[in-house]
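Trainee: Input: one structure, supplied below.
Throughout, read-outs are computed from the coordinates displayed, never taken from laboratory work. What you see is a predicted model; the values in this text were computed from it and never measured. Cβ atoms come from the backbone with ideal geometry, glycine included; neighbour counts cover every protein chain shown.
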Amino acid sequence: MYSLLFLGTVSFVLALFLTPLVRTMFRRWGLAHRVDAHQSVGTGDHGHLIPRAGGVAIVISYLLAYALLLTVPLKAGLVVWDSLNFVLRLMPAAGIIFLIGLIDDLRGLEPWQKMGGEIAAAGAAYWAGVHIQNLAGYGEQGVTAWWSLPVTILWLVACTNAINLIDGIDGLATGVGLFATFTTLIAALLQNNTALAMATVPLVGCLLGFIRYNFNPATIYLGDCGSLFIGFLLGCYAVVWSQKAATILGMTAPLMALSIPLLDMSVAVARRFLRRQPLFEGDRNHIHHRLLHRGFTPRRVALTLYACAALGAIFSLVMISNNYSGLIILAFCMVTWIGVQHLGYVEFGVAGRLFVDGAFRRLLNSHISIESLEENLAAASTSEECWKVLQRGYQEFGFSRIDVQLGPRKFSDCLESEPMDSWKVTVPLTDESFIELYRGFGPAQQHQVVASFVDILRKTLEPKAAEIERIPPQREQDDLRLLSVSLEARK
């Protein structure tokens, strides 16, 4: 316990005094940038030079706290070597993450370069002993399954970027990271997990000292070197937490502790996927941006999300007791769903309505029909075979009549009850060949599906029509007659 108090106190004091020193040095070295009102949302101290590499102070404070503990004449130093030696093995991986973030803060990196470095750091952490071995009861303690490496890397990369994505308002990433780290520390103490407690308590002190300068109005930012470092360590701590968890649900409690950054990242990825936007391209529709659009001040946004992070922390700590776990998870999911609904994301509302009223299923079936139509038309070799495919398929896309001219052959088909008012689309194939489709006005399928249907007809039948026109009519009839005779002989 004395070791924990020493680490927490020393790291807090170091961060409290080193942060302004780092801020001053970066300003003198010209490594700060001017933040104007039109460049930043929800930040204070506009128009001042604000350094972005505040993570330097956190990392230095974090490492110095361990160094000082090992130098004092206490037995606690042996506890560090015996119970927390994995932290030393983890330092190379954390160092990679920190350097990636620092280079990005100072010079800038492409998204693929950052992602490559994060994957390399996650692989180094796996080599250091950070393994996800149990998911919802699948896997055995002490046994490394084949899926352990990719799942561990995916988890660490997700946590690393989750904290980075919410770092858009003064003090938000620092505060949320502080809540998650403090939750992990309490869980470690409740589970008598000395190694995890010794690893988390210096980060709690560092973040507590740093937030003094990072809360609105901020005079220094975490930067990528800080946010990536915090997210990476939290991801590693969550894995260690889950390895000691008594419940088979494994990662559920750590997920709740990190719910705010992971939820924000998941919502951002889902939004960009639905809108067909680049997944790594930033936007102003994160959770904190939505709250700002609702009229919240930057301070109120940060405090509101602090409260949400505290609620997630409570859920995760209650999970440790393993009492009513299913009910706790259900309540957590309901609260999360209600919160996302109140943010007013249009993408999820439209997608939900499409799913509920069956439009999504109809759209899916239409695309399946288009794929099937393309395959069948590609397999057809004569005008008669092409017509049979078209005759079976045109009604599925809402057309009431079809007229086809393929070389010298003409085909036509229509519904028994054609609509009186209709519109027509003509699909030219060659100078002599074409397709005419008729369809009634009123409720219809998606125009995009109809356009895809017409495009498939043109693309698939254009070369076939040109080939059919080159074949003499008598030869095509002879080919059909021979095919018929062949089929009769097989029977």
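Trainee: For an R0 of 25 angstrom, estimate the FRET efficiency from the Cβ-Cβ distance between F273 and Q395 and round to the nearest 0.05.
Mentor: 0.15
Trainee: I would also like to ask the following. Report the full-extension gain for the segment L190 to T24: residue separation times 0.36 nm, less the Cα-Cα distance, to one decimal in nm. It would help to have the intermediate numbers written out before the result.
Mentor: Values: separation 166, 0.36 × 166 = 59.76 nm, distance 4.04 nm.
Gain on stretching L190 to T24: 55.7 nm.
Trainee: What is the stretch 400-444 by shape, rounded, prolate or oblate, if you read a ≥ b ≥ c off the alpha carbon gyration tensor as root eigenvalues and call it rounded for a/c under 1.5, prolate for a/b larger than b/c, and oblate otherwise?
Mentor: Details: a/c = 4.09, a/b = 1.89, b/c = 2.17.
In terms of gyration-tensor shape, oblate.
Trainee: Sorted by mean Cβ packing within 10 Å, highest first, what order do the peptides 150-158, 384-392 take?
Mentor: Numbers: 150-158: 19.3, 384-392: 17.7.
The most tightly packed comes first, giving 150-158, 384-392.
Trainee: Pop a pseudo-label 7 angstrom from the Cα along the beta-carbon direction at both T9 and W127 and give the gap in nm to one decimal.
Mentor: Taking the two extended label points, one gets 3.9 nm.
Trainee: With a sphere of radius 11 Å drawn around the Cβ of V449, what net charge do the other residues whose Cβ falls strictly inside it have (Lys, Arg +1; Asp, Glu -1)?
Mentor: Working: positive: R362; negative: E396, D455.
Around V449, the charge tally is -1.
Trainee: Using a 7 Å offset from the Cα along the Cα-to-Cβ direction at both A451 and S422, what is the distance between the two label points in nm, to one decimal?
Mentor: 2.4 nm
Trainee: Given points 7 Å out from each Cα along the Cα-Cβ axis, report the A67 to A307 separation in nanometres with one decimal.
Mentor: Computed distance between label sites A67 and A307 equals 4.2 nm.
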